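Notes for the one structure printed next.
The values are calculated or read from the model by the stated rules, or taken from the named source; none is laboratory data. Owing to the predicted nature of the structure, the values given are computational and were not obtained by experimental measurement. Because the Cβ atoms are built from the backbone with ideal geometry, glycine has one as well, and the counts that use them run over all protein chains shown. Surface areas here come from the heavy atoms of the whole protein model, side chains and all, with no ligands, DNA or RNA. Shrake-Rupley method; radii C 1.70, N 1.55, O 1.52, S 1.80 Å.
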Amino acid sequence: RRCGAMDWQVLTRELSLYLESQVRVGLFGSGVGLSLVLGFGVAYACYYLSSIAKKPQLVASNERFCRFLEEYCPVVTETYYPTIWCWEGRVQTLLRPFITSRPQVQYRNELIRTADGGQISLDWFDNNDSLYYLDASTRPTVLLLPGLTGTSKESYILHMIHQSETLGYRCVVFNNRGIAGEELLTPRTYCAANTEDLEAVIHHIHNLYPSAPFMAAGVSMGGMLLLNYLGKTGRDTPLMAAAIFSAGWNVFESVESLEKPLNWLLFNYYLTTCLQSSISRHREMLEKLFDMDLVMKARTVREFDKQFTSVMFGYRSIDDYYEDASPCRKLKSVGIPVLCLNSVDDVFSPGHAIPVETAKQNANVALVLTSCGGHIGFLEGIWPRKCTYMDRVFKQFVQAVFEHGNKIFSM
């Protein structure tokens with residue numbers, strides 16, 4: 001028995017060595033390994049081209065608006081090729097802030113006072129070196145609205161300004177109260193539903209440059225705020241048009257998606273801590289109205305909004321706030337041309353919550369829906385540092401509005 005056991009061990013060891021040598025020779029000597037790699041590559045490429053790389057869905061009931069986009073903003077009709085190694089929505093969302101470059105932008109800061117005694121920080125990129133628009137009084141101006149806790153320093157804002165700079169346009173970034181380093185003069189911050197500060201900013205800019213073509217672009221919560229403003233004002237706005245990127249259309253659906261275990265781990269908890277951090281610096285001012293210890297214990301965005309945001313703006317319940325903050329309710333009332341880019345795999349704004357049918361009922365609205373892209377992701381290219389699909393949509397649409405907008409304003 002001992003001999004048999006020893007023989008079996010020897011035989012097993014020798015067989016393992018033989019198989020190992022054959023694998024080494026077979027894979028790298030006979031080309032089997034290269035064939036496997038090539039086969040996997042071909043299979044992955046076929047899957048990518050058939051299931052990942054697709055033309056976006058363009059939703060617009062106005063044929064003139066569609067033709068305008070096809071001619072002057074053709075990127076919305078072209079196949080979007082997400083970065084081949086990180087096309088999944090969550091991965092795109094997580095990687096964009098780290099992968100994309102941060103163009104250098106020199107701002108001029110302006111603090112403006114509000115009717116309630118507060119102040120708003122505006123960061124101007126005047127583009128005084130513009131070769132196309134030498135006269136500052138008529139230089140096209142783009143108002144940029146960052147996301148929930150974003151400021152003028154966000155990479156996607158810097159890229160928008162870089163794109164605008166090459167076209168000769170001026171930009172101004174609307175920083176929500178208290179998050180860009182300025183002090184809170186009153187115990188009030190901001191939310192997606194209340195448009196008073198945005199209205200004040202828009203009229204301030206328009207009064208400074210009444211002869212300058214003027215439009216706006218909002219990202220994430222900035223897009224929600226801009227849509228709620230447009231739904232409130234209709235045609236009664238100095239803005240010519242607007243671009244919206246990765247807006248959360250239905251807040252109930254957005255928070256439910258973010259509360260799923262993986263999404264909570266990857267996004268919700270971090271976003272909640274960012275919200276808490278944005279107000280902790282103003283704790284002495286805010287403690288006059290809020291139980292800040294309770295606010296700082298929130299572990300989800302919903303809990304934060306329940307204890308802080310909805311209370312600050314006088315809503316009876318968080319549901320009342322979320323209903324008022326959801327742009328899908330106001331889309332029918334938008335009175336100027338608006339282009340909205342969303343990815344259907346965005347966990348912040350689930351594809352099933354995008355108001356496709358409502359958009360079809362308003363001739364001023366065009367939705368561009370990609371199958372991939374995540375939340376403010378839209379990465380493309382092998383190493384997507386410089387330009388994303390979102391950046392290209394922004395650049396082409398802004399240029400189309402400022403240089404050919406007369407073809408859609410009569411619709």
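Things to note:
- Matching residues in the range 150-177 - criterion: being closer than 30 Å to D305 by Cα and either at pLDDT below 95 or aromatic (F, W, Y) (or both): Y156, F174
- Checking each residue in the range 68-94 for being surrounded by fewer than 22 Cβ atoms within 10 Å (Cβ to Cβ), among the aromatic types (F, W, Y) and in contact with a strand residue (DSSP E or B) (Cβ under 8 Å, 6 or more places away or on another chain) picks out only Y81.
- Of all residues in the range 335-358 being aliphatic (A, V, I, L, M) and touching a Lys or Arg at 6+ places or on another chain (Cβ under 9 Å), the one that is farthest from W249 (Cα to Cα): I336
Yes/no per residue for (1) open to solvent by less than 50 Å² (accessible area, probe 1.4 Å); (2) modelled with pLDDT under 95; (3) not aliphatic (A, V, I, L, M):
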position	(1), (2), (3)
P238	yes, no, yes
A242	yes, no, no
G248	yes, no, yes
L262	no, no, no
Y269	no, no, yes
T272	yes, no, yes
V301	yes, no, no
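- Criterion (over 19 Å from T151 (Cα atoms), without any contact (Cβ under 8 Å) to a residue 40 or more places away in the chain and not assigned by the TED database to the domain that holds R170) met by exactly one of E259, E284: E284
- Selection of the range 78-96 for residues being touching a helix residue (DSSP H, G or I) at 6+ places or on another chain (Cβ under 7 Å) and under 17 Å from K55 (Cα atoms) yields Y80, P82, I84, W87.
- As a summary of the residue check, G314 satisfies the conditions (1) part of a helix (DSSP H, G or I); (2) surrounded by fewer than 15 Cβ atoms within 10 Å (Cβ to Cβ) except for the one numbered (1).
- Selected residue (criterion: surrounded by the fewest Cβ atoms within 10 Å (Cβ to Cβ)) from residues of the range 38-63 that are part of a helix (DSSP H, G or I) and within 24 Å of the chain's Cα centre (by Cα): S51
- Single match in C328, C340 (criterion: open to solvent by less than 40 Å² (accessible area, probe 1.4 Å), part of a helix (DSSP H, G or I) and either within 30 Å of S310 (Cβ to Cβ) or aromatic (F, W, Y) (or both)): C328
- Where E165 falls short, out of the listed (1) outside any helix (DSSP H, G or I); (2) open to solvent by 20 Å² or more (accessible area, probe 1.4 Å); (3) within 23 Å of F245 (Cα to Cα): (1)
- Counted residues, the range 104-119 - those being in a loop (DSSP other than H, G, I, E, B) and open to solvent by 30 Å² or more (accessible area, probe 1.4 Å): 5
- Residue within the range 179-190 that is in contact with a His (Cβ under 6 Å, 6 or more places away or on another chain) and of a type in the set (A, V, I, L, M, F, W, C) present: yes
- Criterion (of a type outside the set (D, E), more than 26 Å from D320 (Cβ to Cβ) and under 17 Å from the mean Cα position of the chain (by Cα)) met by exactly one of A212, A247, A217, A192: A217
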